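Just below is one structure, and these are the notes that go with it.
The values are calculated or read from the model by the stated rules, or taken from the named source; none is laboratory data. Values in this document were obtained by computation on a predicted structure and should not be read as measured data. Every residue, glycine among them, receives a Cβ derived from its backbone with ideal geometry; neighbour counts consider all protein chains shown.
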Amino acid sequence: MGRYADEYTRSLGDPDGFWLDAARAIDWTTPPTRALDDGNPPFYRWFPDGELNTCHNALDRHVDGGRAEQAALRYDSPVTGTVRTYTYRELRDETARFAGVLRGLGVGKGDRVVIYMPMVPEAVVAMLACARIGAVHSVVFGGFAPNELAVRIDDAAPRIVVAASCGIEPKRVVEYGPLLDRAVELAEHKPEHCVMLQRKQARADLREGRDLDWHELMASAEPVDCVPVAATDPLYVLYTSGTTGKPKGVVRDNGGHAVALHWSMGNVYGLAPGETMLTGSDIGWVVGHSYIVYAPLLYGATTVLYEGKPVGTPDAGAYWRLVADHGVSVVFTAPTAFRAIKKEDPDGVHLKRHDVSSLRFLFLAGERLDPETYTWAAELLRIPVLDHWWQTESGWPMVANLRGLEPMPPKPGSPSVSVPGYDVRILRPDGSPADIGEDGDIAVRLPLPPGCLPTLWDDDERYVASYLSRYPGHYLTGDGGHVDEDGYLFVMGRTDDVINVAGHRLSTGALEEVIAEHPAVAECCVVGVHDELKGQVPRAFVVLKAGATADADVLQGELMRRVRDEVGGIASLRRVDVVRALPKTRSGKILRKTLRGIADGRDEPVPSTIEDATVLDDLKPILRAG
Ligand code: COA
Ligand code: AMP
């Protein structure tokens, strides 16, 4: 057997031995004597008797262990013209002081802190400071509108919100102050204070009594030490889109998370401590949590925090410049970023202007990697380009080409093989295993390995209902696909109403809720349709209320504005069509999959359960015109 097969088999056959060995890479205040706690299925916990502090493992242990003057974080911000390096010592000192600020505001173990910030070092400091004192952070992506922030504030019930005064998009400065004010106004739960990082591109008006200035607080704060927490205590909650408008609060624990992420850096990404990783994402997404912040730091590597875009800041050579300037060994981003680079610079002219000889691997995830983009990137870079598949819930790769453990020949269209710890299965609707090559639901047999969500925030019931009840004993990923004769997985897409727009996960249900609130709309349906650049974009079909009249262009404009105002610009609603009726089954379910298929140019069979086939016939030309 090869190394991969050995390790994979051991991870499933002897999870205790496998993960206790992996746990030795982490500093524990109380080392665990057991790995898996399976005493309360379907809830599983990892390292139930271990205690540690994640911030200590990410910062202090490296300062004490000889990396104090090594770069921990390189902030590179073309949108503000700033490049700044933080050594492990500097990042530890800033974090310890901000932990003092939080403690001074009464934040303690288990309290929640919402972080609404762009890609600035202070956001990383705020996350790690929470970890330092055992508080639970919940980062909200800066591109979300106030309503989305409000929903998260209500669910997480934070004592404090930490925000920045603005984010910077290539064409505009996004003022966070008014967005935050609106969100707090909309939320039922009121945070005690908002700590505001004032940026000079747009300063926020501070509200007397509620708002406090980051720099003023830091000037007088005393550093505080790491507080040991149980391995099973929550480190963070990250909200992600489900099938309804209410996002799911994915919980991450401390111990399993630290162990799994550390293990992944060497075995999946093939990095050595001291090397540099550039993850082109945002700290508001799981990719940013895991591979901009936690994994590189837990591993003693250097992370690049890039406040910019793959194109337009200033050009399609941005990533190549970053690789050259920071000596990057591994780049990880979403396929959309590469589609954008390919569109602007198909011949790779920009690449030739930079020395990218340090770059060993390009990892891509977050959405389907189309074979054209894969081939283009592989031919351009002449290094391994590696698709890998995971999700917010898992927190780290589920299926990958494990470059550090045993490199596999890549197959275009496949993220490769199951990562040790993940018993990935393809199931038929009746729960029986699918044959090789047969499409089915992608599920993972329980228990999920360390690092994966133990539950949803304050909602065990929804955790079970959303993920564990469809196939008892298995976690339902929400994706469909098949496995080939070599054990390679092929992910065909979501089987639910979640869509992926430029690597951003969105719920069509949430968009439908916003559209349905328009006074002229009786009923609506949103589906994700193929888009050359963004992978998918949403399209809406609306039925007007009886007697309502609306100019189609005016209505489309109004609905697009509503979606932007209530969800955020990232929702990118492409088009709205007014239709006479929506195609439904006899039991009243809208035939979304059929609509999506026709819009994407496929020859979809008309389901036998359709209530009125003429509705679909009327819609076909509209769908194909999009
Ligand atoms: N704060 C505020 N607004 C934001 C934002 C943020 N953090 N991120 C995006 N937006 C806005 C954009 O400015 C844009 O607004 P506009 O319609 O007024 O121009 C809108 O949301 C749509 O943004 P986006 O989907 O990013 O499209 P784009 O055309 O601006 O850029 C790409 C396209 C491909 C360059 C961009 O999506 C990208 O860099 N993707 C990389 C993938 C990625 O990071 N995925 C994250 C998960 S791994
Ligand atoms: P998120 O939780 O935002 O990371 O989104 C996770 C979803 O993105 C998955 O459930 C998939 O639908 C999709 N996804 C992520 N990585 C891949 C990949 N490599 N190939 C295909 N789809 C992917």
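Among helices (runs of 4 or more DSSP H) entirely within region 1-109, having at least 3 residues that are basic (Lys, Arg) and surrounded by fewer than 22 Cβ atoms within 10 Å (Cβ to Cβ) singles out 88-104.
Taking every residue in region 465-484 that is over 12 Å from Ile442 (Cα atoms) and pairing it with any residue that is part of a strand (DSSP E or B) and away from ligand 1 (no atom under 16 Å from the Cβ), at least 6 positions away or on another chain, the pairs with Cβ-Cβ distances below 7 Å are Ser466/Lys248; Leu468/Tyr475; Gly473/Arg445; Asp484/Phe490.
Residues that are under 19 Å from Asp282 (Cβ atoms) number at least 2 in the following helices (runs of 4 or more DSSP H) confined to region 312-389: 318-326, 335-344. Here Leu197 qualifies as under 29 Å from Leu59 (Cα atoms), touching a helix residue (DSSP H, G or I) at 6+ places or on another chain (Cβ under 7 Å) and surrounded by 18 or more Cβ atoms within 10 Å (Cβ to Cβ). When Tyr269, Tyr299 are checked against the criterion of being of a type outside the set (Gly, Ala, Ser) and either over 22 Å from Ala123 (Cβ atoms) or within 16 Å of ligand 2 (Cβ to nearest atom) (or both), a single residue qualifies: Tyr269.
Among the residues of region 565-584, is there at least one that is within 21 Å of Val498 (Cβ to Cβ), in contact (Cβ under 8 Å) with a residue 60 or more places away in the chain and surrounded by fewer than 16 Cβ atoms within 10 Å (Cβ to Cβ)? There is at least one residue in region 565-584 that is within 21 Å of Val498 (Cβ to Cβ), in contact (Cβ under 8 Å) with a residue 60 or more places away in the chain and surrounded by fewer than 16 Cβ atoms within 10 Å (Cβ to Cβ).
Taken together, Ala301, Ala316, Ala272 contain a single residue that is in contact with a helix residue (DSSP H, G or I) (Cβ under 7 Å, 6 or more places away or on another chain), more than 8 Å from ligand 1 (Cβ to nearest atom) and under 26 Å from Asp64 (Cβ atoms), which is Ala301. For Val542, the conditions (1) away from ligand 1 (no atom under 16 Å from the Cβ); (2) buried (at least 21 other Cβ atoms within 10 Å of the Cβ); (3) closer than 25 Å to Trp285 by Cβ all hold with the exception of (3).
On the basis of being aliphatic (A, V, I, L, M), closer than 30 Å to Val237 by Cα and out of contact with any strand residue (DSSP E or B) (no Cβ under 6 Å at 6 or more places or on another chain), does Val417 make the cut? Yes, satisfied. Mind listing whichever residues of region 495-517 are under 24 Å from Arg339 (Cα atoms) and within 15 Å of ligand 1 (Cβ to nearest atom)? Selection gives Val498, Ile499, Asn500, Val501, Ala502, Gly503, His504, Arg505, Leu506.
Here the condition is being surrounded by 13 or more Cβ atoms within 10 Å (Cβ to Cβ) and modelled with pLDDT under 95; of Thr609, Thr549, Thr614, Thr594, it holds for Thr594 alone. Counting only residues that are more than 7 Å from ligand 1 (Cβ to nearest atom) and either hydroxyl-bearing (Ser, Thr, Tyr) or at positive phi (or both), region 275-290 holds 3 of them. Taking residues in region 128-147 that are farther than 18 Å from Pro118 by Cα, and partners anywhere that are within 16 Å of ligand 2 (Cβ to nearest atom), the pairs with Cβ atoms closer than 7 Å and at least 6 places apart or on different chains are Val136/Tyr236; Val136/Val237. Only one of the numbered conditions (1) without any contact (Cβ under 8 Å) to a residue 12 or more places away in the chain; (2) touching a helix residue (DSSP H, G or I) at 6+ places or on another chain (Cβ under 7 Å) is violated by Ser432, and that is (2). Screening Tyr299, Tyr269, Tyr239 for residues that are within 23 Å of Leu149 (Cα to Cα) and aromatic (Phe, Trp, Tyr) leaves exactly one candidate, Tyr239.
All of Tyr463, Tyr488 fail the test of being within 13 Å of ligand 2 (Cβ to nearest atom), among the hydroxyl-bearing types (Ser, Thr, Tyr) and either at pLDDT 95 or above or touching a strand residue (DSSP E or B) at 6+ places or on another chain (Cβ under 7 Å) (or both), apart from Tyr488.
Selection within region 359-393: residues that are over 21 Å from Thr495 (Cα atoms) and in contact (Cβ under 8 Å) with a residue 60 or more places away in the chain. The member of this set that is nearest to ligand 2 (Cβ to nearest atom) is Phe363. One residue stands out among those in region 82-133 that are farther than 25 Å from Asp155 by Cβ and among the aromatic types (Phe, Trp, Tyr): the one that is nearest to ligand 1 (Cβ to nearest atom), which is Tyr86.
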